[in-house]
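See structure below.
The values are calculated or read from the model by the stated rules, or taken from the named source; none is laboratory data. Keep in mind it's a predicted model, so treat the numbers as computed, not measured. So basically every Cβ, Gly included, is an ideal-geometry build from the backbone, and we count neighbours across all protein chains shown.
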Amino acid sequence: MASDCRVVTQAEGGAAAGTTGGAPPQSTDELLAEVGKLASLAHDPATDQAALDAQAERVAQLSAAAGTNKVVAELNDGSFKGYTLSGRTAERFRKVIDLGTMSFKLYQPADLKVKMTSTDSSGVYKGADGSTSQAYVVTAGFNVVEWDGQEGSEAVPTGVSGVSKAISEYRLADDNQARMFITFKRLRLSPASDDPEHLARWLDLLLPHNPTMDPKTGVLEVDLPSKSPEGYLDALVMTEKYQLLQGNYGSRTLLERI
């Protein structure tokens, strides 16, 4: 498909970045091939983290050389879905954390132990959502676990599981062609299943600590204050099909157009 090969290179950047002017179609074959390889590695659960990191770094270097490490309006518009490959966010999927850690301490009890799950319900979405066309949503499935806190000891699932969504909006930086700022707007916590027995256990565990939770569905919606937490994303790669973004804590996320 021609759309798979659309990039904007350094030579085109002055005309294309931040504008709607059309830049002539051009492909960087090696870069596109290596981004495709990175996507294949990311989709393979057997991929070693070191291999994934090395391929992401190779792609970032090729993109910098080609000048495709900038936000271009015509490539940035649309809807994308993907997964965090590395960095602090990815590390959380391998560790037991507190419920408060994933929610700016807004979900209670904040010290409840959870282990995030790599399932179809988890991942990152960028695009239109509700009233905004510039949403950035991080979704994480998780199991509530029992854990003794000892390094290397097993975290035992309790049978209660949920899904958390951190919903933010992005905007383009005025003084940095590669950067998008993100502002967190609200959080949404919900049970992973509407099975009556599971819902009852979910409500028993969480409803007493979260008085604004819906007692029928177990859903908790939390609007963040006007001075919401902010971060940023830098474009390491931007093509028609793929975006490789790096957050302010170093996490790298690969997104694919949907």
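Brief remarks on what is shown
- Of all residues in segment 186-204, those that are in a helix (DSSP H, G or I) have Cβ atoms under 7 Å from Cβ atoms of residues that are surrounded by fewer than 18 Cβ atoms within 10 Å (Cβ to Cβ), 6 or more apart or on another chain, in ARG201/GLY159; LEU203/PRO215.
- Top-ranked residue of segment 229-258 - restricted to ones that are β-branched (Val, Ile, Thr) and in contact with a Gly (Cβ under 9 Å, 6 or more places away or on another chain), ranked as surrounded by the most Cβ atoms within 10 Å (Cβ to Cβ): THR253
- Residues that are assigned to a loop (DSSP other than H, G, I, E, B) and at pLDDT 50 or above were ranked within segment 18-49; the one that is surrounded by the most Cβ atoms within 10 Å (Cβ to Cβ) is THR28.
- Of residues in segment 129-155 being under 15 Å from LYS81 (Cα atoms) and in contact with a Ser or Thr (Cβ under 6 Å, 6 or more places away or on another chain), the one surrounded by the fewest Cβ atoms within 10 Å (Cβ to Cβ): THR139
- Taking each residue of segment 143-163 that is more than 15 Å from ASP111 (Cα to Cα) and touching a residue at least 12 places away in the same chain (Cβ under 8 Å) and looking for partners that are in a strand (DSSP E or B) and among the aromatic types (Phe, Trp, Tyr) with beta-carbon atoms closer than 8 Å, six or more apart or interchain, yields SER161/PHE142; GLY162/PHE142; VAL163/PHE142.
- Unmet criterion (only one of (1) modelled with pLDDT of 95 or more; (2) surrounded by fewer than 17 Cβ atoms within 10 Å (Cβ to Cβ); (3) not in a strand (DSSP E or B)) for THR158: (3)
- Candidates in segment 166-184 are the residues that are of a type in the set (D, E, K, R) and buried (at least 18 other Cβ atoms within 10 Å of the Cβ); of these, the one that is farthest from LEU233 (Cα to Cα) is GLU169.
- Elements of the type strands (runs of 3 or more DSSP E) sitting completely within segment 219-258 and holding at least 1 residues that are charged (D, E, K, R) and either more than 15 Å from the chain's Cα centre (by Cα) or under 18 Å from THR139 (Cα atoms) (or both): these cover 220-223, 230-238, 252-257.
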